[in-house]
Structures are given as C-alpha cells and as structure tokens.
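Single-structure report; data block below.
The values are calculated or read from the model by the stated rules, or taken from the named source; none is laboratory data. Small disclaimer: the values here were computed from a predicted structure and weren't measured. Here the Cβ is made from the backbone with ideal geometry for all residues, glycine too, and neighbour counts use every protein chain on show.
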Amino acid sequence: MFRALFRIMIVLSIFAAASSAFAEGGENGTASVVDIAPLMGGEEATVAAEDNSTETESGDVEDTVQNGENETAPAEVSPEAEAEATAVGAPVAFNTSMTVLPAVADVYVNLTEEMVYNEAQLVSQYLMGDQSGEEDFPGVVMVQFDLSGLSVGDDDVAVLVLKAESVEKVGDEMAGIFIAPVTSEWSESSSVTALALNMLSLIFMISSGEDIDFRQVGMNFGGDRIYAFDVSEHVKGAEGGKISFLLMAVGDTDYKVVFKSRETGEGPSLLIGPYPAAPAAAV
C-alpha cells in the first residue's frame, strides 16, 4: 500500500515540482533558502529545551518562560555599533535573542525496504535509474517540532537547519533536498502506513493538477554541510501546535545526504528570532 501510494502519486509529482524549482533556481540558485548569519550575531541564544532556560556569558541563568510563553527580547543596537554603522556596509553587532528549538522526533523511511529507522542518521537518497529502470527513493526524512508555549511575532524569522554527516553525488548534475510540510499525527514509533497517511496532504497538494505553490515547498541545492530552509510562514501558521516536514533528495543524478539525527545532539533544529533592525542609513 505504502509503495503504491507513494510511487504513483508523490514521486512523480514531487520530481516535477523539483524540476520546476531547478528551472527557476538555475545551476547555483536556491528556492526558499536563507542565510542564517544575520540571526547568529547576538550575544545570547535562548534554547527551548526541557527547562526553557539558558546560561549567559556571565554565568547567570535566565528563565525565558513567562506566563507559559517563550519570549524574546527586542533587537537592540549598542551606541558603539550605531556609530560604526554610519559607514555604509559597516558590520553591526546585534544584541538579539534567538530561540533554538530542537526536533522532538525525527526518522528516515527506507521506501525500498518499507522500513522506518530511528537511529543516529537520517538518510535522504535519490537514485535516478537508467533507461531500463525507474527512479527510486531509498530514504526520505521526516522531522517534527513542538511549538507549544512559543510566541512567534509577525516579523519573526524561522529557519530549519540540518547538519549533514556526509553528502554523495554522482557527477556534476543538479541535485538538492526538497522540503514540504506534512501533518504531525506520527511519532518515532509509527509504522510505515501511519507515516504515509501523514503525507496525504502533500500528495493532494501536489497532485491536484494546479500550479505548485512554492510558498508551501522549498529546495536547497546544497554544497556544504549545513542545509537551511526558511519555514517562517509554516511556523506562524502552526499557532503553537506541532509542525512536521518531509525532506527528499531529488535531482538529475544519484544523490544521497546523511543528516545527523537528534540522538547525536546535533540534529534538526528551528532557529526563531526577530528580524534584525539596524540604524537607518544616512541619506
């Protein structure tokens, strides 16, 4: 059931969507991918873990939960940084708080074996096949986050990041990681069939015959060990509930990315914070 459902509907549809993304992005382009550097310039990072607390550089522990919500401080710019910013393009050190939300569940599904794996590795793999064979997806990844108690503002930015343990690609052909939202009625102990049911919304969205809504999906054409996706609208739309994503390797060649899972301590995470505001440039 799972292979038939996945192969007949989602494989062809997602590959068509990815091909459209390749055409729009160009050889070195990206779609729905952001540079997370502006978010990383703050002096503090709020880690949304079990105790929702973080230790500052001075050694003091700050509790970021107030009235059941994770709150972040507004961006502030020091007088020294403001003076430096008078020069066009001068770097500014932002004192911006960021919430780091680790995944609460992550698995990879081997579609060839029809098995679910909850291990230290998350395998996303695409085999193009040849003229006599069909393309195959030996590994797709699903990740889940719990946004309960998290307050996200209209101008906040949310980035999903994953660290690759290894990347393998045949030749110089184009390949990348496709990401799309799925429902969250699953856990790390779910069966293959249960995981397939959570993909139905994606299948219906892509196979409806309408133009692909690229606001709902994304591509990262890779190149280094950190894969980042702008998921701001998905996080805001979750309204404090759970949110899940499917990640698939696709391309014009065989492509395999092995991500680190949450069991390694360097698994998938959401980085959420206010959009940085620098002093207005002089006219």
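If only residues of the range 112-138 that are aliphatic (A, V, I, L, M) and not in a strand (DSSP E or B) are counted, the one that is surrounded by the fewest Cβ atoms within 10 Å (Cβ to Cβ) is Ala120. Taken over the range 96-110, the residue count meeting the criterion of being under 17 Å from Ser190 (Cα atoms) and either modelled with pLDDT of 95 or more or buried (at least 22 other Cβ atoms within 10 Å of the Cβ) (or both) is 7. Being at pLDDT below 95, buried (at least 22 other Cβ atoms within 10 Å of the Cβ) and assigned to a helix (DSSP H, G or I) holds for only one residue in Val250, Val235, and it is Val235. Only one of the listed residues (Val161, Val141) is in a strand (DSSP E or B) and crowded, with 21+ Cβ neighbours inside 10 Å. That residue is Val141. Tell me, which residue of the range 253-264 that is assigned to a loop (DSSP other than H, G, I, E, B) and at pLDDT below 95 is surrounded by the most Cβ atoms within 10 Å (Cβ to Cβ)? This residue is Asp254. Here Val152, Val167 are screened, and the one residue that is touching a helix residue (DSSP H, G or I) at 6+ places or on another chain (Cβ under 9 Å), surrounded by 14 or more Cβ atoms within 10 Å (Cβ to Cβ) and closer than 18 Å to Phe229 by Cα is Val152. Residues that are in a loop (DSSP other than H, G, I, E, B) and crowded, with 17+ Cβ neighbours inside 10 Å were ranked within the range 170-184; the one that is modelled with the lowest pLDDT is Met174.
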